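Structure, as structure tokens:
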Amino acid sequence: MATLPAIKLFFKKFNGLVIVLMSSLLLGIWAVESTIALRNILLWVGGIASLDYWFHFYVELKKKKIQLHLHFLVYLALGLVAAMMVWVLVHYLFFTIDPLRQLHELKSTWVRACLAIALGSATGLCLLRNRRYLPILWLGLLCSFFVLIYQYIPKALLNNSFFGTDYYGDYIYWAKFNGVLAGTLLIAGLLGLLIDQFVSVPKRSNLGNTLNQQKFIAENSAQTNVFAAPEGQQDYLIPAYSLLGIFVAIYSFVFIFDAKAGVGLAIILIVFWIGFGLIHLLKNANHPLHRDSISSISRKALLFFMLILAVLTLLTYKHMKNNPGWENLFTDIAISADVEKYTNWHNPVKLGYPLRESGESVRPNTYERVSWGVVGLQLIQEQPFGYGVFRSFAQQLRGKVDNFTSAVYTHSAWIDLGLAFGVPGLVLLPLAILLLLLNAILTGRHPFRGTIISMCVALLVLYSVGEYAFQHGIEILLYFCGLLLALSMWTYRNSELDDLSQA
């Protein structure tokens with residue numbers, strides 16, 4: 001019995017850390033096969049703990065008379081995410097076509113998605129209040145890729161090759177699209193962590209802080225971070241940690257999943273950050289207040305991004321030699337987009353794939369992604385309220401195309417959301433993420449600016465080219481919506497959030 005007060009004291013002091021650890025574990029298993037029971041437990045326990053966390057935070061703010069000030073873009077993004085959740089319910093009440101199946105998805109996937117929003121937002125709040133927990137968030141995903149490498153090594157040795165591709169074998173990530181989902185999130189998160197490590201946030205001014213606010217900060221600033229490394233070591237630990245995770249994920253894209261989409265997404269993220277960094281450096285190079293800090297930051301960032309780019313270049317070369325789909329990519333896209341001329345998309349198994357002028361067939365995965373995506377957009381235009389359930393592509397084509405037996409999705413989660421929930425499904429969530437991206441770009445030296453920008457870019461592109469508009473893909477998407485919304489709460493006017501200890 002004596003241990004009960006100690007346990008309560010621990011959870012009162014470290015409840016934020018517990019929430020971050022639950023998020024880390026959940027991210028590590030979310031796309032892993034046969035983990036639905038554990039995912040449900042973590043979502044329910046984490047969701048309830050998150051609501052309790054938010055409640056006590058709100059009570060504390062009221063008690064200390066602290067008022068939060070959010071940018072209107074954050075309010076607008078929050079409204080769009082809320083509108084999407086309301087629209088899902090409204091669609092069932094007034095526009096349902098398959099009520100039994102839609103009700104089942106409401107009671108399963110959408111309930112878990114609501115819990116995911118709660119957990120993601122509470123995790124974001126925890127990170128605002130103790131930003132040193134951020135590396136822990138990506139630890140679960142990194143560990144899952146270590147398990148994947150452990151499974152891969154015997155296959156590679158057996159094949160006497162670096163390639164151990166087995167799309168539907170016994171890897172923890174069944175089918176490459178799950179591996180691409182997890183790997184892209186890991187790369188984006190670690191790139192953001194790396195950027196946030198390089199760019200420090202200046203101490204806030206006391207301007208705008210009331211005496212009550214300052215007292216609140218002083219009372220809550222003594223939290224000890226049990227995961228904190230000595231300050232000098234952090235200069236090396238975080239970059240090493242990030243580089244290791246990025247390398248493992250890209251290596252998996254090339255040698256385990258043979259995933260053109262994964263390699264392409266990694267290239268987009270890294271090239272984006274290099275371009276963004278160059279623009280930022282050129283813009284501020286002559287600014288007297290930033291010149292010295294920019295010089296120091298640029299040297300460190302240049303070194304690490306050159307290492308990342310060198311690794312990416314080597315692995316991409318290996319991937320392109322093994323996967324010939326890159327050579328005629330744009331030609332294949334042009335052919336695939338002409339769905340009226342080339343109707344092979346009705347049933348590629350029976351009709352085969354269109355031919356290039358050279359007489360060679362277009363790449364099957366490119367043709368399917370592009371042609372089904374074009375057809376999906378046409379269906380959304382014809383059926384602006386949507387079908388109401390996930391993976392409804394084939395049902396919506398009945399009566400329009402004879403013998404369409406190809407797929408239940410279009411390979412684009414945004415288009416699939418549009419097929420399920422019409423124009424609102426197509427627009428609301430990506431627009432919310434776009435607004436959060438814009439807010440992070442405009443905010444300036446935000447403590448999580450790199451993480452927010454990196455995750456927003458990754459989600460927008462990843463869900464454009466991946467078939468994730470069902471079950472865990474939706475839950476993960478809304479988890480990150482909650483996380484990014486909470487991280488976007490930081491402004492100079494309420495920057496006391498970084499000092500609130502509780503985390």
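The values are calculated or read from the model by the stated rules, or taken from the named source; none is laboratory data. None of these values were measured; they are calculated from a predicted model. Cβ sites come from the backbone with ideal geometry, for glycine too, and all protein chains shown count toward neighbours. Ligands, DNA and RNA are stripped out before the accessible areas are found, and what is left, the full protein with its side chains, is counted by its heavy atoms. Shrake-Rupley method; radii C 1.70, N 1.55, O 1.52, S 1.80 Å.
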Revision key, fill the gap. Restricting the range 155-191 to residues that are of a type in the set (A, V, I, L, M) and not in a helix (DSSP H, G or I), the one most open to solvent (accessible area, probe 1.4 Å) turns out to be Ile172
Revision key, fill the gap. Only one of (1) in a helix (DSSP H, G or I); (2) crowded, with 22+ Cβ neighbours inside 10 Å; (3) among the β-branched types (Val, Ile, Thr); (4) without any contact (Cβ under 8 Å) to a residue 60 or more places away in the chain does not apply to Val374, and that is (2)
Review point. Which of the residues belonging to the range 85-104 are outside any helix (DSSP H, G or I) and either aliphatic (A, V, I, L, M) or open to solvent by less than 40 Å² (accessible area, probe 1.4 Å) (or both)?
Key: Ile97
Check your understanding: Just wondering, is there one or more residues in the range 397-406 that are open to solvent by 10 Å² or more (accessible area, probe 1.4 Å), in contact (Cβ under 8 Å) with a residue 40 or more places away in the chain and among the small types (Gly, Ala, Ser)?
Key -> yes
Exercise for review: Please identify the pairs in which a residue from the range 47-67 that is aliphatic (A, V, I, L, M) has its Cβ atom under 9 Å from the Cβ atom of a residue that is not in a helix (DSSP H, G or I), counting only partners at least 6 apart or on another chain.
Suggested key: Leu61/Gln67; Leu61/Leu68; Ile66/Thr210
**Study point:** Flag for Tyr53 being in a helix (DSSP H, G or I), surrounded by 14 or more Cβ atoms within 10 Å (Cβ to Cβ), modelled with pLDDT under 95 and not polar (S, T, N, Q)
**Key:** yes
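Yes or no, residue by residue, for (1) open to solvent by less than 10 Å² (accessible area, probe 1.4 Å); (2) under 30 Å from Leu194 (Cα atoms):
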position: Gln381; (1), (2): no, no
position: Tyr387; (1), (2): no, no
position: Tyr409; (1), (2): no, no
position: Leu417; (1), (2): yes, no
position: Gly444; (1), (2): no, yes
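Residue by residue, here is whether (1) modelled with pLDDT under 50; (2) open to solvent by less than 20 Å² (accessible area, probe 1.4 Å) holds:
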| residue | (1), (2) |
| --- | --- |
| Ser221 | yes, no |
| Ala229 | yes, no |
| Ile250 | no, yes |
| Lys260 | no, no |
| Ile274 | no, no |
Review point. Within the range 164-201, how many residues turn out to be among the hydrophobic types (A, V, I, L, M, F, W, C) and closer than 20 Å to Ile267 by Cα?
Key: 13
Check your understanding: Could you list, in sequence order, the residues of the range 347-359 that are open to solvent by less than 50 Å² (accessible area, probe 1.4 Å) and in contact (Cβ under 8 Å) with a residue 24 or more places away in the chain?
Key -> Asn347, Pro348, Arg356
Point to revise | Residue check, Ser392 of a type in the set (Ser, Thr, Tyr) and within 20 Å of the chain's Cα centre (by Cα) | key: no
